[in-house]
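Single-structure report; data block below.
The values are calculated or read from the model by the stated rules, or taken from the named source; none is laboratory data. Predicted model, so just to flag it, every value in this text is computed and none were measured. Every residue, glycine among them, receives a Cβ derived from its backbone with ideal geometry; neighbour counts consider all protein chains shown. Side chains included, ligands, DNA and RNA excluded: accessible areas come from the protein's heavy atoms. Shrake-Rupley method; radii C 1.70, N 1.55, O 1.52, S 1.80 Å.
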Amino acid sequence: MIEFKNVSLSYNSKLVLKKINLTINDGEFCVLIGASGCGKTTLLKLINKLNKVSSGKVLIDGEDINKLSLRKLPGKIGYVVQEAGLFPHLSVAENIALSLELAEYPKNERDARIDKMLDLVNLEPSLYRDLYPSQLSGGQRQRVGVARAFAPNPSIVIMDEPFSALDPVTRANLQDEILRIQQAMQKTIVFVTHDMDEAIKLASRICILEDGVIAQVGTPAEILKHPVNKDIEEFIGPHKLWRNPDLIKVSEIMLKKVPALENSATVHDARALMKKMEVETLFLTQNGKLLGTITAKSLR
Ligand SMILES: Nc1ncnc2c1ncn2[C@@H]1O[C@H](COP(=O)(O)OP(=O)(O)OP(=O)(O)O)[C@@H](O)[C@H]1O
Ligand SMILES: [Mg+2]
């Protein structure tokens, strides 16, 4: 569990994060989203101690992050950055091995672990182990970046716009894969993006930042249905809810005023009501209870 408690951070007296309170539970896929410069990367880097709070606290599993030694960090928190950030002079296997070494992963298990992680991100180990980052496509480099972050089996993985430089097809594939990996490995993932479609697809919870402040936190469905302000409404854009029908329950779109007749009504009443309500089917009720339906055809 990651907790931000009243966290503020300033760079050279400029306040960049303002009293952030957020709890990210174990196994959650939390997506941080917001406009450029709103503080997403700054907030993310607090989790792996690349940034320091000016005031407030960051806790991991209830423990103040200041007490967590830097040496323990690589084994506990994986980090994926944009463009993968691989070391160019190290091969694919060496890049992953370095992360295992930093995390003090058992020496005799490292080789097998590298192959397992490459398999996990769909790179055939025998073909890719010895290639260098410059010999890979952008998508393949990003896969290695993901494999490297998950390799030491950290409980938390933080990802900063990991797929934003990829073409839409590669990007969609990697999104599917990260969801699959998350399901298989049950990590706590904090993922930064500024793409709302990506957030909706991946997140169990979305946290929207605006100018260093949390503007709204909720499930994708909650945010799409009840954006708390005009900026978020605009950020989401029109019709997005309707393009995600898996987020809509039929109870939310059912008609509450249904064309119904009590069973004492005549054929004439039924025809008149159909005409008035411009429908071809009526419900027949007795004391408000449904008895059956009448259609225009059956009336004819
Ligand atoms: N090392 C730094 N020194 C001074 N100011 C910084 C530093 N890093 C970031 N900032 C400032 O903090 C603010 C938030 O930056 P941050 O990188 O967190 O934004 P972001 O939401 O990740 O944006 P983007 O989507 O463009 O990556 C910006 O105004 C930025 O200029
Ligand atoms: Mg950023």
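Quick test for you: out of Val31, Val58, Val16, pick the one residue that is touching a helix residue (DSSP H, G or I) at 6+ places or on another chain (Cβ under 6 Å) and near ligand 1 (Cβ under 10 Å from one of its atoms).
Numbers: Val31 fails: near ligand 1 (Cβ under 10 Å from one of its atoms); Val58 fails: near ligand 1 (Cβ under 10 Å from one of its atoms).
Checking each option against the conditions leaves just Val16.
Can you tell me which of Asp176, Asp211, Asp160 is surrounded by fewer than 17 Cβ atoms within 10 Å (Cβ to Cβ) and within 16 Å of ligand 1 (Cβ to nearest atom)? Give the derivation first.
Values: Asp176 fails: within 16 Å of ligand 1 (Cβ to nearest atom); Asp160 fails: surrounded by fewer than 17 Cβ atoms within 10 Å (Cβ to Cβ).
Matching residue, one of Asp176, Asp211, Asp160: Asp211.
Are any residues in region 27-45 at pLDDT 95 or above and either over 19 Å from the mean Cα position of the chain (by Cα) or more than 16 Å from ligand 2 (Cβ to nearest atom) (or both), and if so, which ones?
Of everything in region 27-45, those that are at pLDDT 95 or above and either over 19 Å from the mean Cα position of the chain (by Cα) or more than 16 Å from ligand 2 (Cβ to nearest atom) (or both) turn out to be Glu28, Phe29.
Any residue at all in region 51-63 that is in contact (Cβ under 8 Å) with a residue 24 or more places away in the chain, within 30 Å of Asp167 (Cβ to Cβ), in a strand (DSSP E or B) and open to solvent by 10 Å² or more (accessible area, probe 1.4 Å)? Break it down stepwise before answering.
First, the residues of region 51-63 that are in contact (Cβ under 8 Å) with a residue 24 or more places away in the chain: 51-62.
Of the ones still in play, those that are also within 30 Å of Asp167 (Cβ to Cβ) are none.
Looking for residues that are in contact (Cβ under 8 Å) with a residue 24 or more places away in the chain, within 30 Å of Asp167 (Cβ to Cβ), in a strand (DSSP E or B) and open to solvent by 10 Å² or more (accessible area, probe 1.4 Å), one finds none in region 51-63, hence no.
Give me a count of the residues in region 64-81 that are away from ligand 1 (no atom under 16 Å from the Cβ) and outside any strand (DSSP E or B).
Residues of region 64-81 away from ligand 1 (no atom under 16 Å from the Cβ): 64-78.
Now drop any that are not outside any strand (DSSP E or B), which leaves 65-76.
Count: 12.
In region 86-114, what count of residues is obtained for those that are open to solvent by less than 50 Å² (accessible area, probe 1.4 Å) and not in a loop (DSSP other than H, G, I, E, B)? Step through it out loud before you land on a result.
Filtering region 86-114 for residues open to solvent by less than 50 Å² (accessible area, probe 1.4 Å) gives 86, 90-93, 95-97, 99-100, 103, 105, 110, 113-114.
Then drop every residue that is not not in a loop (DSSP other than H, G, I, E, B), which leaves 92-93, 95-97, 99-100, 110, 113-114.
The total comes to 10.
Take Ala112 and tell me if it is of a type in the set (Gly, Ala, Ser) and under 22 Å from Asp26 (Cα atoms).
Criteria not met by Ala112.
Just one of (1) within 18 Å of Asp197 (Cα to Cα); (2) not assigned by TED's automatic domain parsing to the domain that holds Leu32 trips up Asp269, so point out which.
The number of the failed condition is (1).
With respect to Pro227, is the statement that it is in contact with a helix residue (DSSP H, G or I) (Cβ under 6 Å, 6 or more places away or on another chain) and more than 30 Å from Leu102 (Cβ to Cβ) true? Break it down into steps so the answer makes sense when it comes.
Numbers: in contact with a helix residue (DSSP H, G or I) (Cβ under 6 Å, 6 or more places away or on another chain): yes; more than 30 Å from Leu102 (Cβ to Cβ): yes.
Yes: the conditions hold for Pro227.
How many of the residues making up region 120-137 are outside any loop (DSSP other than H, G, I, E, B), without any contact (Cβ under 8 Å) to a residue 60 or more places away in the chain and over 21 Å from His89 (Cβ atoms)?
Of region 120-137, the ones outside any loop (DSSP other than H, G, I, E, B) are 120, 125-128, 133-135.
Now drop any that are not without any contact (Cβ under 8 Å) to a residue 60 or more places away in the chain, which leaves 125-128, 133-135.
Narrowing the set further to residues that are over 21 Å from His89 (Cβ atoms) leaves 126.
Within region 120-137, residues that are outside any loop (DSSP other than H, G, I, E, B), without any contact (Cβ under 8 Å) to a residue 60 or more places away in the chain and over 21 Å from His89 (Cβ atoms) number 1.
Could you please let me know if Val190 is surrounded by fewer than 17 Cβ atoms within 10 Å (Cβ to Cβ) and either at pLDDT 90 or above or not hydrophobic (A, V, I, L, M, F, W, C) (or both)?
no
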